[in-house]
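Report on the structure given below.
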Amino acid sequence: MSLDADVTAMIADVLDEHGVPCIYARASSSSAVNLCLLRPQGPVLFEAGNGMVIEIERVDIIFRTSDLPYGDPIADDHITINSVKYLIKQISGEKVFRRLSPQLTRVHTVQVH
């Protein structure tokens with residue numbers, strides 16, 4: 001096995017043992033997703049307009065790519081975990097998601113208060 005395959009298998013095992021159920025929503029549609037894994041990234045400053053800058057909590061969420069219900073994630077999709085809502089958002093010029101491997105996708109979100 002290659003290192004990439006070993007890492008993918010290890011993350012899949014972590015998802016199986018420590019993942020949590022989520023609700024993934026796009027527009028008026030929503031779907032239960034079996035497993036996801038949170039990776040807190042810390043606070044970032046976000047320009048809210050009119051000269052206001054707010055601090056938001058950035059959280060990356062890892063999914064099995066095959067569990068994503070609507071294909072590739074897009075900005076403004078929502079993920080709800082244990083009644084906490086996360087908004088998929090482009091941060092710092094990155095795309096809203098990144099493939100860790102063909103089997104795993106990392107989605108960039110901010111926690112909505």
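The values are calculated or read from the model by the stated rules, or taken from the named source; none is laboratory data. Just so it is clear, the model here is predicted, and its values are computed rather than measured. Neighbour counts are summed over all protein chains in view; Cβ atoms, including those assigned to glycine, are modelled from backbone coordinates with ideal geometry.
Do you know which residues across region 1-20 are within 22 Å of Thr80 (Cβ to Cβ) and free of Cβ contacts under 8 Å to residues at least 40 places away in the same chain?
Val14, Asp16, Glu17, His18, Gly19
Where residues in region 1-36 are under 15 Å from Arg106 (Cα atoms) and among the hydroxyl-bearing types (Ser, Thr, Tyr), which of them is surrounded by the most Cβ atoms within 10 Å (Cβ to Cβ)?
Among those that are under 15 Å from Arg106 (Cα atoms) and among the hydroxyl-bearing types (Ser, Thr, Tyr), it is Tyr24.
Would you confirm whether any residue within region 57-79 is within 12 Å of Gln111 (Cβ to Cβ) and more than 11 Å from the chain's Cα centre (by Cα)? Spell out the reasoning first.
So in region 57-79, the residues within 12 Å of Gln111 (Cβ to Cβ) come out as 57-61, 78-79.
Checking which are more than 11 Å from the chain's Cα centre (by Cα) leaves us with 57.
Yes.
Where residues in region 1-58 are touching an Asp or Glu at 6+ places or on another chain (Cβ under 9 Å) and β-branched (Val, Ile, Thr), which of them is farthest from Pro69 (Cα to Cα)?
Per the criteria, the residue is Val53.
Among Gly93, Gly42, which is at pLDDT below 90 and assigned to a strand (DSSP E or B)? Give the derivation first.
Working: Gly93 fails: assigned to a strand (DSSP E or B).
The unique qualifying residue is Gly42.
Could you say which residue among Ser83, Ser101, Ser29 is without any contact (Cβ under 8 Å) to a residue 40 or more places away in the chain and among the hydroxyl-bearing types (Ser, Thr, Tyr)?
On the way: Ser101 fails: without any contact (Cβ under 8 Å) to a residue 40 or more places away in the chain; Ser29 fails: without any contact (Cβ under 8 Å) to a residue 40 or more places away in the chain.
The conditions single out Ser83.
With the checklist (1) surrounded by 16 or more Cβ atoms within 10 Å (Cβ to Cβ); (2) in contact (Cβ under 8 Å) with a residue 60 or more places away in the chain; (3) of a type in the set (Val, Ile, Thr) in hand, flag the one item Val44 doesn't pass.
(1)
Would you check which residues across region 80-90 are in a loop (DSSP other than H, G, I, E, B) and within 12 Å of Val110 (Cα to Cα) and list them? If you could, list the steps in order and put the result at the bottom.
Here is the first cut: in region 80-90, the ones in a loop (DSSP other than H, G, I, E, B) are 82-83, 89-90.
Scanning region 80-90 gives Lys89, Gln90.
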